[in-house]
Structures are given as C-alpha cells and as structure tokens.
Amino acid sequence: MKQRRTEHDELSFGFFYPTGKTNFLFSDEAASTRPAFTAENMIALAQAAEEAGFDAMFLADNWSGHQRAAELGGHQSPGYHATLTAMALLAATKHIGVISSLHTTHHRPAHVARMGATVDAFSDGRWGWNIVAGFSADEAALFGEEFVEHDLRYKMAAEFVDIVLALWKEQEPIDFQGEFYQVKGRIKLPRPVQQPHPLLVNAGASPAGTAFAAKYCDQLVTLGTGEDQLRRLDAQLAELTGGERYVAPTPFSMAIVRDGDGEAEEIYDRLLQSLNKEATFEIASDVLGGIHTAKEMYEQMGEQEAMMAFGSGKGVLQLIGTPEQVAETLISAKRNTGATNVLINFPLWSPEELRGFRPVLELLREAGVWSPPETRGYSW
Ligand SMILES: Cc1cc2nc3c(=O)[nH]c(=O)nc-3n(C[C@H](O)[C@H](O)[C@H](O)COP(=O)(O)O)c2cc1C
C-alpha cells in the first residue's frame, strides 16, 4: 500500500500519462511520431515510469469530443477512459500510484465510491482520485444536463465528496440528506485499502477551487509555476488550512531533457514549427474560458497571442535543457517555494523519454531533494 509522506523536505514526481498523442505542445510532429495506443505500448510506458522513479501517473479525462480539429490531429486524443485505463496500468505495475480523473458532475456518489473502492482494493492501495467538477458546457450537454455555474459546481462537488468518503468509511448504511444528493444505504465490499481514504487530488485554482483543495485534497495541481506564483499558492493554502492539514502544491510542467547543450531547446523550437493552430485554438478556447489560472496567466496578452502561448506550453514550468539545467530549476523550486510534488508532461513521451529523465533525478538525489520511491516505502 502507498503511504502518505510525513516529511516534505524532498520532491516526488508524477508522470502526466498521455491521454492523447499530445497534451501540451499541440505539435503535429509530436502527434504523428508518438507510439500507438495499444495495450502493449501503454503498459510499456507505465512500466518505464515506474522504473524511472516516478511516484505516480496522473490520468486526465473528460467526456466530450467536441474539439474536432484537435481530435483529428491526435491532440488530446484518443482519450481512453481514465479509470478503466488505471485498472490496466495498475495490473501491469507493482508500486507506482495511478491517479485518475473522475467527475463529480455527471456521476452519482455511489458510482465513484464503488469504482474508487474497486481500483484501490485491486491495486492494494495505489489509486488516487483527481476530483473534477467539469468545466465545459459541451460536456454537460452530452449528459443532457444544464451547465452548472462555477462556484455552485464546487459546492455540489463538496457534498458529493462528503458522501463518497462516508460510503468508503461507514460499514453501516448511511442516511445522507443533502442539498443536492440524497443517499441511503451502503456500498458492498470491497472498501478502499488506503486509510483514511485514497489519495485525493484537485487542479482548481479559483478561490472556490483552492478552498475545495484545502478542505479535501492531498495534492493541488497548479498551472501557476513561476516561483512567485507558487509562493502565493503556499500562502493561500496555509491560510485556508490553518496549518491543520497538508496539501502538496504540485506544479504542472513540461519536460524535454537532452545531454547536448541547446539540444532540448532545438527540439522544442522544432516542435513549435508544427504547432497545429486550429487544434490549439480549439483546446485553448475551452481551457482559457474554463480554467482560472490559465485565464489569469494570459490576461495581459491578446486572445490570439494567449492561445498560441498556451499551445506552446509557455507558462507551465518548462523543464527544457540538459539534466543539469533541469535539475537546477527543480532544486530552486524546491528550495524557494513549498512545491513538493511535480507533475510532468513529456511532449515526446515514450519509454525511452521517461528513462532519459532518470539522470535528472540522480542529480536531485545528490542535492538531497529526492530519494528513490523504494527507499521511502513507496509513499506518494
Ligand atoms: C493540470 C490540470 C489538469 C486538469 N485535469 C482535468 C481533467 O482531467 N478533467 C477535467 O474535467 N478537468 C481537469 N482540469 C480542470 C480543473 O479540474 C477545473 O475544472 C478547472 O481548473 C476550473 O476550476 P478553477 O476555476 O477552480 O480553476 C485540470 C486542470 C489543470 C490545471
């Protein structure tokens, strides 16, 4: 079973498992050269992440295929169902965690309680739930639902999570008469293995999203990756939790690591040459319209410029360079901010690309800010 860490003096790493040929850098070159999503390739990728020293894989997910140009180009597509994929990846690995995104909106609490209990028990306590409330009207329409207003979504999500936690914990039937959900009874066994509950993650950044994370979550993924932004998040979390609980600030980043000086930058520039503008605009208008930090980050720019910056991965923590340069950025983030966990998206993801990250981890080990998962009981 994975344990929560009690010390936070080191970094841990999540691999943003590709739920599509590209997730950041919507480059046609990257999309056309990534491995196919066969069971064999997907499992090899998960095993490489485990071997390389990642603590977890993070699987994003949403439902609606309304971004047609992006989808046809392989950008954020094909997107397998995250929790179904999690089962397969957990079956093929031994200790790495798998965090899968499951919506509160569109599900009922008992759905998530049973799915989560099943995956966590099956994997002997290696599952985490990225709690998402949905941010797209197209997705709501797919379920024949009204798109719920932003803060109300979080209020409903809070009640939803309270019920899921009760269904996981209570052996006797519950009787929950809430404002949005009414639930009587209990779920059958199994119950989650992790105690007091599986790892909970969120990536909200609005005041309501941050307050939600502060109340419920173990990790808060943020697009705000400059050191100043990260320090602001630390302060916000400290105020919201009153120091009562620990929430790991988790910058979202993008990595290209190569030994030669300037080699990684050259690859990044080359990938930008094939940035699919139509796909970028489709995805960016969805995300910039719906994700608070993204909106804030690009506020100063014009719309077109903001969309291109978003599609190029500007504004997420860029880990592009030699192992030494990338290690330096991470050591600085660890020493100067409260970041304790980093979620990494590799535009050129493949098993070799993941193994190529290990030299960075070795440098972090020498600097005293990372230790291999096996030496700390495979904690999250
Ligand atoms: C790195 C990252 C990953 C996310 N993953 C998902 C996801 O898999 N599915 C989803 O529906 N929303 C996802 N979101 C969106 C958030 O869950 C949230 O809906 C959005 O940030 C809007 O909330 P906010 O206004 O509090 O920021 C993600 C956001 C970020 C920054």
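Points worth noting:
- Only a single criterion out of (1) loosely packed, with under 13 Cβ neighbours inside 10 Å; (2) closer than 22 Å to residue 209 by Cα is not satisfied by residue 172, namely (2).
- Spans of helices (runs of 4 or more DSSP H) in segment 94-175 with at least 3 residues touching a helix residue (DSSP H, G or I) at 6+ places or on another chain (Cβ under 6 Å) and away from the ligand (no atom under 12 Å from the Cβ): 109-122, 150-169
- Single unsatisfied condition, residue 2 versus (1) within 16 Å of the ligand (Cβ to nearest atom); (2) in a loop (DSSP other than H, G, I, E, B); (3) crowded, with 21+ Cβ neighbours inside 10 Å: (1)
- Out of 83, 38, 33, sole residue that is without any contact (Cβ under 8 Å) to a residue 40 or more places away in the chain, surrounded by fewer than 19 Cβ atoms within 10 Å (Cβ to Cβ) and among the polar types (S, T, N, Q): 38
- Of residues in segment 186-215 being in contact with a strand residue (DSSP E or B) (Cβ under 7 Å, 6 or more places away or on another chain) and away from the ligand (no atom under 11 Å from the Cβ), the one farthest from residue 161 (Cα to Cα): 186
- Condition met for residue 234 (in contact with a strand residue (DSSP E or B) (Cβ under 8 Å, 6 or more places away or on another chain), surrounded by fewer than 20 Cβ atoms within 10 Å (Cβ to Cβ) and not polar (S, T, N, Q)): yes
- Any hit, segment 195-215, residues being at pLDDT below 95, of a type outside the set (A, V, I, L, M, F, W, C) and surrounded by 22 or more Cβ atoms within 10 Å (Cβ to Cβ): yes
- Scanning segment 167-182 for residues that are out of contact with any Leu (no Cβ under 7 Å at 6 or more places or on another chain) and touching a residue at least 12 places away in the same chain (Cβ under 8 Å) turns up 167, 168, 169, 170, 171, 172, 173, 176, 178, 179, 180, 181.
- The set of residues in segment 230-246 being in contact with a helix residue (DSSP H, G or I) (Cβ under 8 Å, 6 or more places away or on another chain) and either touching a residue at least 40 places away in the same chain (Cβ under 8 Å) or away from the ligand (no atom under 14 Å from the Cβ) (or both) consists of 230, 231, 233, 237, 241, 245.
- Top-ranked residue in segment 52-78 [being modelled with pLDDT of 95 or more and among the small types (Gly, Ala, Ser); ranked as nearest to the chain's Cα centre (by Cα)]: 60
- Only one entry in 218, 259 is more than 14 Å from the ligand (Cβ to nearest atom), modelled with pLDDT of 90 or more and buried (at least 18 other Cβ atoms within 10 Å of the Cβ), namely 218.
- Restricted to segment 178-244, the set of strands (runs of 3 or more DSSP E) holding at least 3 residues that are within 23 Å of residue 61 (Cα to Cα) comprises 199-202, 219-222.
- Residue within segment 25-38 that is under 24 Å from residue 202 (Cβ atoms) and within 17 Å of the chain's Cα centre (by Cα) present: no
- Qualifying residue in segment 332-344 (condition: aliphatic (A, V, I, L, M), at pLDDT 95 or above, more than 21 Å from the chain's Cα centre (by Cα) and closer than 20 Å to residue 258 by Cα): no
The values are calculated or read from the model by the stated rules, or taken from the named source; none is laboratory data. As the structure is a computational prediction, the values presented were derived from the model and not from experiment. Because the Cβ atoms are built from the backbone with ideal geometry, glycine has one as well, and the counts that use them run over all protein chains shown.
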